[in-house]
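Chemist: Pasting in a structure now, in structure tokens, and then I'll have a few things to ask.
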Amino acid sequence: MFRSIRWMLSASLCCQILAGCGGVYQTYGSEATAKSDMALMEFPNRAKSEARIKEIDGKWLGITDFDQYQLAPGEHSITAEISSARYFSKPLTHRFRAEPGKIYQFKAYVDNTEMKWDIGIFEKETQQRIDFEKMNVLRASFYGH
């Protein structure tokens with residue numbers, strides 16, 4: 001009897017975790033913003049990337065990875081890190097200003113040869129880089145291989 005209860009609880013927890021993967025994250029303050037005034041940041045190829053967005057505006061996102069992030073207009077910070085079976089990195093934080101109705105893309109660049117990486121925020125339509133302040137060194141080295 002306890003085995004079946006334990007199994008059901010484990011299965012329920014796994015379903016809740018898996019249901020949280022992907023989807024849309026809403027930043028603090030965006031719930032009061034009209035849909036037309038929201039900005040959207042996409043993470044193309046999130047499933048294939050070794051980069052993970054860990055924080056938005058200093059708030060930890062938890063263990064869930066999201067495909068899209070709804071943002072209220074204004075300044076935001078994105079903190080990301082590289083985490084894979086081969087290596088992990090120090091986090092990088094970049095700032096950018098989100099404008100109403102705009103769609104942005106988060107991109108991570110990994111150079112395995114030099115063991116360096118970087119992140120950037122781009123306006124989707126023009127592919128122009130819009131992050132204006134890097135809070136850490138432009139490139140962070142990997143901790144190991």
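Chemist: Can you tell me how many residues in region 38-81 are in contact (Cβ under 8 Å) with a residue 60 or more places away in the chain and not charged (D, E, K, R)?
Modeler: Residues that pass the stated criteria total 7.
Chemist: Could I ask something else about it? Which residue out of Gly101, Gly62 is over 18 Å from Asp131 (Cβ atoms), loosely packed, with under 15 Cβ neighbours inside 10 Å and modelled with pLDDT of 90 or more?
Modeler: Result: Gly101 is the single residue among Gly101, Gly62 that is over 18 Å from Asp131 (Cβ atoms), loosely packed, with under 15 Cβ neighbours inside 10 Å and modelled with pLDDT of 90 or more.
Chemist: Name every residue in region 74-96 that is of a type in the set (Val, Ile, Thr) and touching a His at 6+ places or on another chain (Cβ under 9 Å), in order of residue number.
Modeler: Ile78, Thr79
Chemist: Output the residue which, of all residues in region 29-55 that are within 18 Å of Glu99 (Cβ to Cβ) and exposed (fewer than 12 other Cβ atoms within 10 Å of the Cβ), is modelled with the lowest pLDDT.
Modeler: That would be Ala32.
The values are calculated or read from the model by the stated rules, or taken from the named source; none is laboratory data. As the structure is a computational prediction, the values presented were derived from the model and not from experiment. For neighbour counting, all protein chains shown are included, and Cβ atoms are generated from backbone atoms with ideal geometry for every residue, glycine included.
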